[in-house]
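Single-structure report; data block below.
The values are calculated or read from the model by the stated rules, or taken from the named source; none is laboratory data. Treat the numbers as computed from the prediction; the structure is a model and nothing was measured. Glycine also receives a Cβ, built like all others from the backbone with ideal geometry; neighbour counts cover every protein chain displayed. Calculation scope for accessible area: heavy atoms of the full protein, side chains included, ligands and nucleic acids excluded. Shrake-Rupley method; radii C 1.70, N 1.55, O 1.52, S 1.80 Å.
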Amino acid sequence: MTERRIAIIGGTGEQGFGIALRLAKAGEKIILGSRQEQKALEAAKRANAILGPNASVTGMENSKATAAADIIIMSVPFLAHAETIKSILESVTPEDIFIDAVVPLSTAVGGSAMTTLEVWEGSAAQQAARLLHNHTTKIASAFHNVVAEALQDLKHNIDCDVLVCGDSLATRKIAMELVNKLPGVRAIDCGRLENSRIVETVTAMLIGFNLRYQVNRAGLRITGLDAVKL
Ligand SMILES: NC(=O)c1ccc[n+]([C@@H]2O[C@H](COP(=O)([O-])OP(=O)(O)OC[C@H]3O[C@@H](n4cnc5c(N)ncnc54)[C@H](OP(=O)(O)O)[C@@H]3O)[C@@H](O)[C@H]2O)c1
């Protein structure tokens, strides 16, 4: 069990809850964040019941979860992205690592889940960077290319790569270390945060695969990297 604490903002949702289960199972201390403390507590109770007594999952209102954590994972619908970041802003410290997992799906404006919106800053992660600039510069993006169904299915390993972006190599390495804790998942270093624009749109493509091929966990593998120490 590590000493650091990881807050998952939107951790009551499908993706955040799945990330929470996998990271808690790997020994991380998790705080599920929600707009409603009671909802976070209920989700934490559910996670602990699934994981058993060795896991550490608690629940708090989003800004309290942020204040109590060293690493913040943002996992809300794009519609709520900017508003949610603004709501936790004062609880983010310069030392905090912020990992954005949000995909700007067109569903935010009533469109298709198979396409993404053009975000003025370039991507959801770059939008987060703009909003967080005076609070932390330790920003990465990750967890977009792994699906909630696979994260929550603890009986099976996951089978995909996850693409990780961020302007600081040190921050990317922390995000990649967390990604590599998901069994069967390999983190791929995708370089600067601006590349998150590409990574986020890949999720819409994967959703398209799921719909066209009638599956629920299409993923991505980058070939040619086997000989490289990642
Ligand atoms: N689901 C997947 O398989 C998957 C895969 C890859 C990427 N993603 C991305 O991960 C993010 C989360 O996805 P999800 O499927 O977990 O979403 P979700 O279940 O719809 O929502 C996650 C949480 O966000 C909060 N939320 C929802 N609507 C909100 C609003 N209008 N304002 C403020 N907070 C709101 C809710 O938490 P509280 O009510 O507790 O505050 C909710 O439990 C999205 O950006 C999605 O594109 C999802």
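Odds and ends about this structure:
- Ligands, DNA and RNA are left out, and with a 1.4 angstrom probe the accessible area of the stretch 131-220 is 46 Å² per residue.
- Over all orientations, the chain has a Cα convex hull whose mean projected area works out to 12.0 square nanometres.
- For the stretch 83-111 and the stretch 146-179, distance of Cα centres in Å: 17 Å
- In plain terms, the bigger the Kirkwood radius, the slower the diffusion; for the stretch 87-165, with that radius from Cα pairs, at 20 °C and 1.002 mPa s, Stokes-Einstein puts D at 149 µm²/s.
- In plain terms, if you count all Cα to Cα distances in the stretch 75-209 and split them into 5 Å steps from zero, the share in each step is 2, 11, 20, 23, 21, 15, 7, 1, 0 percent.
- The apolar share of the surface of the chain, taken as the fraction of accessible area on carbon and sulfur atoms (1.4 Å probe, ligands and nucleic acids excluded), comes to 54 percent.
- By the Stokes-Einstein formula, at 0.890 mPa s and 25 °C, the stretch 26-125 with its Kirkwood radius over alpha-carbon pairs has D equal to 166 µm²/s.
- DSSP assigns beta bridges within the stretch 36-150; of those with both partners inside it, close to 10 percent run antiparallel.
- Each pair of Cα atoms in the stretch 144-230 enters the Kirkwood radius, and Stokes-Einstein at 25 °C and 0.890 mPa s then converts it into a translational diffusion coefficient of 181 µm²/s.
- Scanning residues 5 or more positions from residue 143 or on other chains, those with amide H under 5 Å from its amide H are 163, with H placed 1.01 Å from N in the peptide plane.
- When peptides 93-103, 139-149, 212-222 are sorted by average Cβ neighbour count within 10 Å, with the highest value leading, the order is 139-149, 93-103, 212-222.
- Point-to-point label distance, residue 79-residue 118, nm (Cα→Cβ direction, 7 Å offset): 2.3 nm
- For the stretch 99-105, 3J(HN,Hα) per residue [Karplus equation, 6.51 cos²θ - 1.76 cosθ + 1.60, θ = phi - 60°, Hz, x = Gly/Pro]: 10, 9, 10, 7, 10, x, 5
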